[in-house]
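Worksheet: one structure, shown below.
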Amino acid sequence: MTNLKKFMSQPHALYVIAVVLLWLKTYIVYRIEFRLGIDSALQTFLLFVNPISSALFFFGFALFFKGHLKNWLFVLIDFLLSIWLYANVVFYRFFDDFITVPVIFQHKNFGELGDSVLALMKPSDVFYFLDTVVLMVLILFKVAQPKEKMPKRLLKRVFIIAVSVFLINLGLAEIDRPGLLTRTFDRNYLVKYLGINNFTLYDIIKSTQVSAQRAVASSNDLVDAENFTKSNYTPPDPALFGKAKGMNVIYISMESLQNFVINYKVDGQEVTPFLNSLTHDPNTFYFDNFFHQVGQGKTSDAEFMLENSLYPLSQGSVFMTQAQNTFQAAPQILKSEGYTSAVFHGNYKTFWNRDEMYRALGYDKFFDASYFDMSDENTINYGMKDKPMVKESMAYLNQLPQPFYAKYILLSNHFPFELDEGDVDFPAGHTDDKVVNQYFQTAHYMDEALREFFADLKASGLYDHTVIVMYGDHYGISPDRYDSLSQALGEEITPYVGAQLQRVPLFIHVPGVQGRIVHEYGGEVDVRPTLLHLLGVDTKDFIAFGSDLLSPKHRQIVPFRNGDVITPSYSYIDEKCYSNPNGEVVDNRYCENASEYAKDALSLSDKIVYGDLLRFYKPKGFKPVDVSKINYKFDPSINIYGKTNDQSDAHNSMNEDE
Ligand code: GP9
Ligand code: MN
């Protein structure tokens, strides 16, 4: 006790206590919450010490003050840093990633994520604020007495020490991982080596640079990307080119559907009997080696790839940060072919900034939640349930001028995979994780909605002259649930297996064309040229990274957004090369070509998106979008199921004001 008293009588005791508590807590959080892939003693050491520099730095600001104010500032700083750490914990539980500046801006709609956020929190999380409580107790019980201001000389020293600790930390990190700060797409490394707060500071600097990039970009910057995409252009299969000319198109984003669900059974019952039947439908192509390639923008990244055949960004969502860019997207390309374009989505138009982005993509109409009956029994989780959504959409779809290009974004199979009791007619899975178990039920619900939708399309006569493209947008089960998922799949989910699990189903139904199961390897970036070629649209003049999946010359290299890459023979995951399908580690040189291709493609695509380079490019015969002519203001004259004009406008303007 006397020792403690002696220690507490030191002028900067509370500073030291605050630093140590936050440091240790951060390390505990790293170990419990994040999967940072520690594989050496040096990495363990760096992980342990990396919270120190920022703790010394931030708490240092309280030292400019004296007395009670100083003590309570320690509490405040600790609380703010704890909130930031905890926000990252919650974010990581879902996205398997850390919060970045663009993500903060894209979550002006965090309010709508409400239910998911709650589902990601645990009662035991209160322990992550224990250090703040300890500091308060020390002050309230007068263990920590108010002290004088620190002399300027010492104050300076505190910040010099903080920066020195950081530089030593960075130096050791650079020894273990050269070029750490120049790499952009591995946030895990930055947190592992430098710590969560230093990563955030780095991210703020990086994001500022990114917005400057657009300002300095010029048409010269496009040359490399143009050469790359032109030399990688895949010509269509002449036997299929134009086979769907003039037909309608319906895209369906099948929320969170992974390919392992196809033909999977729970208690002897197929999870997706309808989709399973389509795998051998005479007019349907089913792709069983098709991968999602999304980054943090998830659904919106998948949409972005399908419309533009460009890659999404390594951080944030293009929808949120680059909606002011010029695009040459499918809805606008098809406008010249006489198509009317529309989106159907049972959430409000501001979600994912879709109203802005869809204008830039050239969509004519957007049937958002305002056009649907959003009553309690019709909605759950992220918005409208799939079954009533597709049912009500038919009235609008039937009125669209033909040919149309329509996109449906389904929602029911979204994390945390909840259904109202009356909607459950399928057994839950049998793992130790409720979320994984429910996933099979919501996937089944979506499958039934799709069956009903197809029946409605047949009844309306649209089915016979409509191409239907259905794709799983991204994974549903995140890596932190792999232990439970492995119980359902009956195999251990190693990093190799985890990468193979990023397969999502892709179906393309083309009336009058012989379908088959396609085993070619491909990804979301490849869908646009595949579809445009079926519709008889030449794609040579567009800057696009995809390769027609149905062409005999299809390029089977699938870059993931994190730089990993999969080909039919090899998988390059986390800088290790594996041979397929046995997953044996082989020499990295086998993966070199594919990995070089992925690096080039991703960085050139990023250059286009960050620099807004398509504003300098004029494809032959393409008419640019006139965004001033498009608006998605609620139109009561076509509304059938939505609320009154007044109520809808009230909701929308509320979102826009946020
Ligand atoms: C909501 C839906 C969900 O509108 O697109 O987005 P996600 O969380 O899957 O990216
Ligand atoms: Mn999604």
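Values as computed for the structure displayed
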item: Residues satisfying the stated conditions in the range 554-587, i.e. exposed (fewer than 13 other Cβ atoms within 10 Å of the Cβ) and either farther than 20 Å from ASP288 by Cβ or of a type in the set (Ser, Thr, Tyr) (or both); result: GLU575, GLU584, VAL585, ASP587
item: Single unsatisfied condition, GLY563 versus (1) modelled with pLDDT of 95 or more; (2) within 30 Å of LEU222 (Cβ to Cβ); result: (1)
item: Which numbered condition VAL318 misses (of (1) in contact with an Asp or Glu (Cβ under 8 Å, 6 or more places away or on another chain); (2) more than 16 Å from ligand 1 (Cβ to nearest atom)); result: (2)
item: Residues of the range 292-339 satisfying the condition of being aromatic (Phe, Trp, Tyr), within 16 Å of ligand 2 (Cβ to nearest atom) and touching a Pro at 6+ places or on another chain (Cβ under 7 Å); result: PHE304
item: Any chance ALA488 is touching a Gly at 6+ places or on another chain (Cβ under 6 Å) and at pLDDT 95 or above; result: yes
item: The listed residue being at pLDDT below 95 and over 18 Å from SER300 (Cβ atoms), out of SER393, SER370; result: SER370
item: Failed condition for GLY362, given (1) closer than 22 Å to VAL609 by Cβ; (2) under 20 Å from the mean Cα position of the chain (by Cα); result: (2)
item: Filtered residue count, the range 85-110, keeping only those that are assigned to a helix (DSSP H, G or I), modelled with pLDDT under 85 and away from ligand 1 (no atom under 13 Å from the Cβ); result: 5
item: The range 454-487, subset part of a helix (DSSP H, G or I) and touching a strand residue (DSSP E or B) at 6+ places or on another chain (Cβ under 7 Å), residue nearest to ligand 2 (Cβ to nearest atom); result: LEU457
item: Filtered residue count, the range 599-632, keeping only those that are small (Gly, Ala, Ser) and buried (at least 21 other Cβ atoms within 10 Å of the Cβ); result: 3
item: Of all residues in the range 339-374 being more than 16 Å from ligand 1 (Cβ to nearest atom) and in contact with a Gly (Cβ under 8 Å, 6 or more places away or on another chain), the one that is farthest from GLN324 (Cα to Cα); result: ASP373
item: Residue satisfying condition, being part of a loop (DSSP other than H, G, I, E, B) and crowded, with 16+ Cβ neighbours inside 10 Å, within set THR229, THR234; result: THR234
item: Residue check, SER478 within 16 Å of ligand 1 (Cβ to nearest atom) and either out of contact with any Pro (no Cβ under 6 Å at 6 or more places or on another chain) or over 30 Å from PHE91 (Cβ atoms) (or both); result: yes
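The values are calculated or read from the model by the stated rules, or taken from the named source; none is laboratory data. Worth saying up front: this structure is predicted, and the values here are computed from it rather than measured. Every residue, glycine as well, gets a Cβ built from its backbone with ideal geometry; the counts of neighbours run over all protein chains shown.
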